[in-house]
Amino acid sequence: MAEPMSSTDPRQAVFLDRDGVLIENRDGYVKSWAEVEVLEQAVEACKLLSEAGYPIVVVTNQQVVGKGILTLEETEILNEEILNVFRSKGANIVGSYLCHHLAEEGCNCRKPRPGMLLQASIEHGIDLARSCMVGDALTDIQAADAAGVTGILVRTGRGVRQEPLVTEAFGSRCAVFDDMLAAASYILVSSGVQR
Ligand SMILES: [Mg+2]
Ligand SMILES: [Zn+2]
């Protein structure tokens with residue numbers, strides 16, 4: 001007798017950095033709702049990816065906690081408020097991971113380490129080798145690479161300044177796009193979903 005289709009088959013996902021990809025990056029951290037500037041093309045991009053069946057997982061470094069500027073609770077609440085804007089406009093965000101440690105603590109979750117992606121893979125049954133990660137910094141691409149995920153750089157946020165570093169480290173192995181919407185179009189075309 002044939003095996004039934006398993007709903008637990010590992011699936012493709014799109015990992016997204018938050019600051020500089022979904023919302024405008026702030027050099028002094030995003031500390032309050034007043035400092036949140038949602039990038040409208042990213043809202044559209046998340047909607048398109050979700051309609052095409054891609055679960056979205058957000059992975060963000062928030063040293064703002066480790067530095068004592070915000071509490072973990074304040075940071076988590078602000079993060080949920082940001083993600084809820086995207087959810088309310090059709091984004092299927094299935095997971096959200098936030099590293100609150102300082103760089104010098106040497107945790108396994110802070111990008112460029114792959115801890116958050118690996119944890120998401122286990123908790124949400126994600127096939128890392130068939131997934132991609134969109135970020136605006138070299139550390140995003142390094143975390144993706146360390147997890148076996150395809151990294152994609154966008155030029156929003158820190159992206160323009162980080163592009164030479166990414167090109168030096170990854171060359172043509174890392175595609176670069178002007179923004180999340182262009183990156184999403186590329187993901188959809190690559191997977192055969194025409195838009
Ligand atoms: Mg960023
Ligand atoms: Zn961490």
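Each value in this text was obtained by applying a stated rule to the coordinates, not by laboratory testing. Just so we're clear, the structure is a prediction, and the values are computed from it rather than from any experiment. Virtual Cβ from ideal backbone geometry, glycine too; neighbours counted across all protein chains shown.
Stokes-Einstein D for segment 71-147 at 4 °C, 1.567 mPa s, Kirkwood Rh over Cα pairs, in µm²/s?
Numbers: Rh = 13.7 Å.
For the chosen part, D equals 95 µm²/s.
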- Query: Extent of segment 132-195 along each principal axis, from alpha carbon coordinates, in Å, largest to smallest?
  - Reply: 31, 24, 16
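Could you work out [θ]222 nm for the chain from helices alone, using -39500 (n - 2.57) per DSSP H run of at least four and dividing by all its residues? Round to the nearest 500 deg cm²/dmol.
Values: 7 runs with 76 residues, N = 195.
Rounded to the nearest 500, it is -12000 deg cm²/dmol.
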- Hey, what does the equivalent ellipsoid look like for segment 63-195, semi-axes from the Cα gyration tensor as sqrt of 5 times each eigenvalue, largest first, whole Å? 24, 19, 16
- Quick one: putting +1 on the C-beta of Lys and Arg, -1 on the C-beta of Asp and Glu, what dipole do you get for segment 23-98 around its Cα centre, in Debye to the nearest 20? 140
- Message: Below 22 Å, Cα to Cα, which lysines can K31 reach? Residues fewer than 8 away in the same chain don't count.
- Response: K67, K111
- Are there cysteines in the chain with no second cysteine's Cβ under 4.7 Å away, and if so, which? C46, C107, C132, C174
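Given a Förster distance of 25 angstrom, what is the FRET efficiency for K31 paired with H124, based on the Cβ-Cβ distance and rounded to 0.05?
Numbers: r = 29 Å, r/R0 = 1.16.
In this case the efficiency is close to 0.30.
Using the Cα centre of the chain as the reference point, and only Cβ charges (+1 on K/R, -1 on D/E), how large is the resulting charge dipole? Debye, rounded to the nearest 20.
300
Which trypsin sites (Lys or Arg not before Pro) from segment 1-101 combine a DSSP loop assignment with at most 12 other Cβ atoms within 10 Å? Numbers along the way, then the final one.
Details: sites: R11, R18, R26, K31, K47, K67, R87, K89; in loops: R18, R26, K31, K67, K89.
Listed in order of number, the matching sites are K67.
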- Karplus-derived HN-Hα couplings along segment 141-149 (A = 6.51, B = -1.76, C = 1.60, θ = phi - 60°), whole Hz, x at Gly and Pro: 5, 5, 5, 4, 4, 5, 8, x, 9
